[in-house]
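K.L.:
Can you keep this structure in mind? I'll have questions shortly.
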Amino acid sequence: WKYIKLHEHAAMGGKRSWSSCASPQELLRLRLTTMRLFLCYSTEAEEFVYFHSNSSVMPAQPGLPGGSSRALLDLSLCVRSHTQYFNFVELPAAALKFMPKPVFVPDVALIANRFNPDNLMHVFHDDLLPIYYTMQQFSDLDLEARLFFMEGWSEGVHFDLYKLLSNKQPLLREELKTLGRLLCFTKSYVGLSKITTWYQYGFVQPQGPKANILVSGNEIRQFTKFMMQKLTYSLEESSSEEYIVVFSRTINRLILNEAELILALAQEFQMKTISVSLEEHSFSDIVRLISNASMLVSMHGAQLVMSLFLPRGATVVELFPYAINPEHYTPYKTLATLPGMDLQYIAWQNTDKEDTVTYPDRPWDQGGIAHLDKAEQERIIKSTEVPRHLCCRNPEWLFRAYQDTKVNIPSLIHVIRQAVKTKPGPRSRKWSGSLYPGKVRDAKCQASVQGTSDAKLAVSWQIPWNLRYLKVREVKYEVWIQEQGENTYMPYILSHQNHTFSENIKPFTIYLVWIRCIFNKNLLGPFADVLLCST
Ligand code: UDP
């Protein structure tokens with residue numbers, strides 16, 4: 001055993017990426033990194049084992065019963081399911097004498113759980129992007145590192161995509177058995193950084209964008225560039241022809257009049273329009289086509305995550321079946337509107353019951369509702385909107401999600417035309433990219449008091465210094481007025497560099513005034529130093 005390098009197990013994630021999980025785990029994680037431990041995996045027990053050297057003492061974790069030191073490192077997303085946590089048992093190093101001879105993994109290992117390897121949205125959002133950025137955080141997690149997927153699934157239909165992230169074949173839990181009874185890691189990282197995720201799927205509250213999104217188009221595009229290089233074609237290969245891609249589904253949630261839709265788009269925008277599907281095209285062909293498209297049109301569904309390969313300036317059109325409110329299902333809207341993605345997002349919903357085809361008799365997981373009692377079936381069929389719900393088995397949601405739709409072409413073209421006045425696509429738009437405003441400068445305030453109850457506050461400021469050198473579509477200012485000592489504030493969004501506030505302004509009071517600049521609706525600058533204004 002003296003040959004074993006007792007490694008300091010580096011649990012994953014920068015501080016920020018852990019912040020959405022419970023804090024006691026973080027505490028334990030910090031303790032773990034400072035202790036001498038080494039990690040093995042018993043393929044017989046199907047458990048990870050931490051061996052403690054003589055001098056190491058496992059800290060009792062505050063808040064867990066009986067001083068148990070079971071670590072709850074998060075292997076995948078921060079979902080509240082035990083299967084997603086990193087569980088391990090502990091043994092003293094001396095116990096190795098009685099155990100099978102260990103087989104050492106020579107590669108630096110990244111050990112993780114895949115979330116749902118058969119669904120493309122989950123593959124990108126929960127696995128590929130997090131793996132890529134976790135690897136970016138640690139210099140020894142390079143292309144020679146080995147990925148270990150411990151969730152227990154088979155390869156899945158998108159395994160080739162996972163293989164692009166490292167030169168070594170990823171290993172699945174099942175395969176570890178063939179390597180030995182006790183596998184020991186010379187250097188391993190456990191779990192994935194969630195810093196790049198933008199969506200929560202509704203395990204605790206109805207699905208929606210994450211509260212604190214840290215990823216921008218820059219990180220997404222660095223990742224897609226890497227993937228495209230790995231898919232072995234050059235980025236310069238693009239042709240100058242402009243075209244629209246309709247991404248269709250061929251098994252369910254169909255567009256019933258797809259040929260008519262394709263013709264109408266081609267005519268309206270005077271562009272070639274092509275249709276692709278995961279069933280009929282290779283992944284790299286789809287990436288090649290999407291990465292040069294001016295517009296991507298698709299039914300709501302996991303295939304729309306491929307819009308992360310669209311070029312800047314392109315348009316995403318997401319079609320929603322009857323009774324599904326686009327505002328309640330926004331993973332692709334959130335992606336398209338991340339700062340720096342520079343995509344235009346348009347949602348269209350079928351509002352006509354005549355144009356939908358339902359499948360009440362299918363199995364429940366394909367949207368069937370025949371298993372529900374009659375009254376509930378009738379209620380669902382009559383309902384015009386699926387109420388907000390938690391993930392993942394809400395029968396009304398599944399029933400509506402798996403409808404087929406005859407797209408009302410004039411209504412769709414109308415919605416697209418409201419946003420795309422001329423031609424869609426990269427060449428017709430110029431964006432300033434994703435540069436953030438600096439602080440506003442020279443902020444000043446002047447108070448005037450009228451009588452005993454009325455007062456005014458005139459506030460002015462100068463543009464951020466970097467705005468002089470940028471072309472920005474829309475510049476706005478956000479001003480917060482907070483009475484000193486109060487927790488609340490009055491927020492304002494303004495277009496000019498001065499404003500006189502009179503609403504709710506009291507005489508002989510001190511106000512704190514916070515001002516920041518906003519580019520293009522979502523690029524928020526920092527607040528300037530707070531202004532103290534006395535009326
Ligand atoms: N899928 C597809 N064609 C279909 C139905 C599904 O390509 O006709 C893909 C879909 O894009 C996703 C996976 O199969 O990657 C699972 O689809 P599901 O309907 O379960 O998930 P959703 O698309 O609603 O997220």
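K.L.:
Just to check your reading of the model, which residue among Y477, Y489 is open to solvent by 80 Å² or more (accessible area, probe 1.4 Å) and over 30 Å from N252 (Cα atoms)?
P.N.:
Exactly one residue qualifies, and that residue is Y489.
K.L.:
Could you grab me the full set of residues in region 331-377 that are of a type in the set (D, E, K, R) and either within 16 Å of W198 (Cα to Cα) or not in a helix (DSSP H, G or I) (or both)? If you could, list the steps in order and put the result at the bottom.
P.N.:
We begin by selecting, within region 331-377, every residue of a type in the set (D, E, K, R); these are 333, 342, 352-355, 361-362, 365, 373-374, 376.
Residues satisfying the conditions are K333, D342, D352, D361, R362, D373.
K.L.:
Could you check L254 against (1) in contact with a strand residue (DSSP E or B) (Cβ under 9 Å, 6 or more places away or on another chain); (2) under 24 Å from A419 (Cβ atoms); (3) at pLDDT 95 or above and say which number it fails?
P.N.:
It is condition (2) that L254 fails.
K.L.:
Residues that are over 25 Å from the mean Cα position of the chain (by Cα), open to solvent by 30 Å² or more (accessible area, probe 1.4 Å), under 30 Å from K382 (Cβ atoms) and more than 12 Å from the ligand (Cβ to nearest atom): does region 318-326 have at least one?
P.N.:
no
K.L.:
How many residues does region 428-453 contain that are open to solvent by 80 Å² or more (accessible area, probe 1.4 Å), of a type outside the set (S, T, Y) and out of contact with any Ser or Thr (no Cβ under 7 Å at 6 or more places or on another chain)?
P.N.:
7
K.L.:
Filter region 411-444 down to the residues that are at pLDDT below 90 and part of a helix (DSSP H, G or I), then identify the one that is nearest to the ligand (Cβ to nearest atom).
P.N.:
Out of the qualifying residues, it is P426.
K.L.:
Please state which one of I346, I381 is under 19 Å from H328 (Cα atoms), at pLDDT 95 or above and more than 16 Å from the ligand (Cβ to nearest atom).
P.N.:
I346
K.L.:
Would you list the helices (runs of 4 or more DSSP H) that sit entirely within region 194-294 and hold 1 or more residues that are out of contact with any Asp or Glu (no Cβ under 7 Å at 6 or more places or on another chain) and within 14 Å of the ligand (Cβ to nearest atom)?
P.N.:
Because the criterion is at least 1 residues that are out of contact with any Asp or Glu (no Cβ under 7 Å at 6 or more places or on another chain) and within 14 Å of the ligand (Cβ to nearest atom), the helices (runs of 4 or more DSSP H) in region 194-294 that meet it are 258-269, 283-290.
K.L.:
Kindly establish whether L308 is open to solvent by 20 Å² or more (accessible area, probe 1.4 Å), outside any strand (DSSP E or B) and either of a type outside the set (K, R) or within 16 Å of the ligand (Cβ to nearest atom) (or both).
P.N.:
Taking the combined requirement at face value, the residue does not satisfy it.
K.L.:
Quick one: count up the residues across region 452-468 that are part of a strand (DSSP E or B) and among the β-branched types (V, I, T). Lay out the reasoning, then the answer.
P.N.:
Here is the first cut: in region 452-468, the ones part of a strand (DSSP E or B) are 454-462.
Retained after the next criterion (residues that are among the β-branched types (V, I, T)): 459.
Matching residues across region 452-468 total 1.
K.L.:
If a residue must be open to solvent by 80 Å² or more (accessible area, probe 1.4 Å) and either β-branched (V, I, T) or within 23 Å of Q349 (Cα to Cα) (or both), how many such residues does region 367-384 contain?
P.N.:
Qualifying residue count, region 367-384: 4.
K.L.:
Also: Cβ-Cβ below 7 Å, separation at least six or inter-chain, first residue in region 385-410 and modelled with pLDDT of 95 or more and open to solvent by 10 Å² or more (accessible area, probe 1.4 Å), second within 11 Å of the ligand (Cβ to nearest atom) and not in a helix (DSSP H, G or I): which pairs?
P.N.:
Pairs that qualify, where the first residue is modelled with pLDDT of 95 or more and open to solvent by 10 Å² or more (accessible area, probe 1.4 Å) and the partner is within 11 Å of the ligand (Cβ to nearest atom) and not in a helix (DSSP H, G or I), are L398/G367; Y402/N252; Y402/R253; Y402/G367.
K.L.:
Taking region 117-146 as the region of interest, how many residues are within 16 Å of the ligand (Cβ to nearest atom) and not in a helix (DSSP H, G or I)?
P.N.:
The total comes to 3.
K.L.:
Looking at S166, S188, S154, can you tell me which residue is among the polar types (S, T, N, Q), out of contact with any Lys or Arg (no Cβ under 8 Å at 6 or more places or on another chain) and in a loop (DSSP other than H, G, I, E, B)?
P.N.:
On the way: S166 fails: out of contact with any Lys or Arg (no Cβ under 8 Å at 6 or more places or on another chain); S188 fails: in a loop (DSSP other than H, G, I, E, B).
When all the criteria are applied, what remains is S154.
K.L.:
Could you look through region 147-193, keep only residues that are among the acidic types (D, E) and within 16 Å of the ligand (Cβ to nearest atom), and pick out the one that is surrounded by the most Cβ atoms within 10 Å (Cβ to Cβ)?
P.N.:
Per the stated criteria, the residue is E155.
The values are calculated or read from the model by the stated rules, or taken from the named source; none is laboratory data. Everything quoted here is computed from the prediction, not taken from an experiment. Reconstructed Cβ throughout: ideal geometry from the backbone, glycine too, with neighbour counts over all protein chains shown. Calculation scope for accessible area: heavy atoms of the full protein, side chains included, ligands and nucleic acids excluded. Shrake-Rupley method; radii C 1.70, N 1.55, O 1.52, S 1.80 Å.
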